[in-house]
1. Given (1) outside any helix (DSSP H, G or I); (2) modelled with pLDDT under 90; (3) under 30 Å from the mean Cα position of the chain (by Cα), where does ASP88 come up short, assuming only one miss?
2. Filter region 4-54 for residues that are of a type in the set (Val, Ile, Thr) and assigned to a loop (DSSP other than H, G, I, E, B); which is surrounded by the most Cβ atoms within 10 Å (Cβ to Cβ)?
3. The conditions are (1) at pLDDT below 90; (2) surrounded by 11 or more Cβ atoms within 10 Å (Cβ to Cβ), and GLY102 fails exactly one of them. Which is it?
4. Report every pair of residues separated by at least 6 positions or lying on different chains whose Cβ atoms are under 7 Å apart, first residue within region 40-56 and basic (Lys, Arg), second outside any loop (DSSP other than H, G, I, E, B) and surrounded by 11 or more Cβ atoms within 10 Å (Cβ to Cβ).
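The values are calculated or read from the model by the stated rules, or taken from the named source; none is laboratory data. Values in this document were obtained by computation on a predicted structure and should not be read as measured data. Don't worry about glycine lacking a Cβ; one is built from the backbone with ideal geometry, like all the others, and counts go over all protein chains shown.
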Amino acid sequence: MKSVKISFLGNEYLVKTDAEEDYVKQIANYMEEIVRDTSPNLGSIKIPLPLFLSTLKIADDLFRLKSEYEEYKSSAEEKTRRLVAMFDDALGETDPTEIGSGGETESEEDQRKPGTFKSWS
């Protein structure tokens with residue numbers, strides 16, 4: 001573990017961490033930005049170290065979850081693109097609006113009956 005000096009709301013805190021110094025400072029800057037946004041006229045204020053460390057941990061959790069979400073989202077988008085490509089290949093790249101448009105029409109009554117739906121529109 002290394003010690004990282006962090007400036008937060010006009011005070012210096014020494015934090016022991018395994019994380020990169022830039023990352024820890026980024027989190028502290030984010031926290032300070034939130035505090036300044038909610039209380040713009042707030043001057044220097046001393047935060048008890050346990051409270052500061054807890055808040056830093058919560059912000060770290062948020063940053064990690066945002067990163068994991070972006071990775072998941074990117075992966076899901078890529079898988080979706082591949083599935084669409086597979087469907088397009090399997091269907092011979094048919095325009096989805098052409099599927100089921102063989103000229104037949106259904107009565108409104110048939111469309112309301114379960115299991116009688118003949119085409120997608």
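1. Failed condition: (1).
2. Let us first name the residues in region 4-54 that are of a type in the set (Val, Ile, Thr), namely 4, 6, 15, 17, 24, 27, 34-35, 38, 45, 47.
Going one step further and asking which of them are assigned to a loop (DSSP other than H, G, I, E, B), we end up with 45, 47.
Working: ILE45: 11, ILE47: 16.
That would be ILE47.
3. In the conditions (1) at pLDDT below 90; (2) surrounded by 11 or more Cβ atoms within 10 Å (Cβ to Cβ), GLY102 misses (2) alone.
4. LYS46/ASN11
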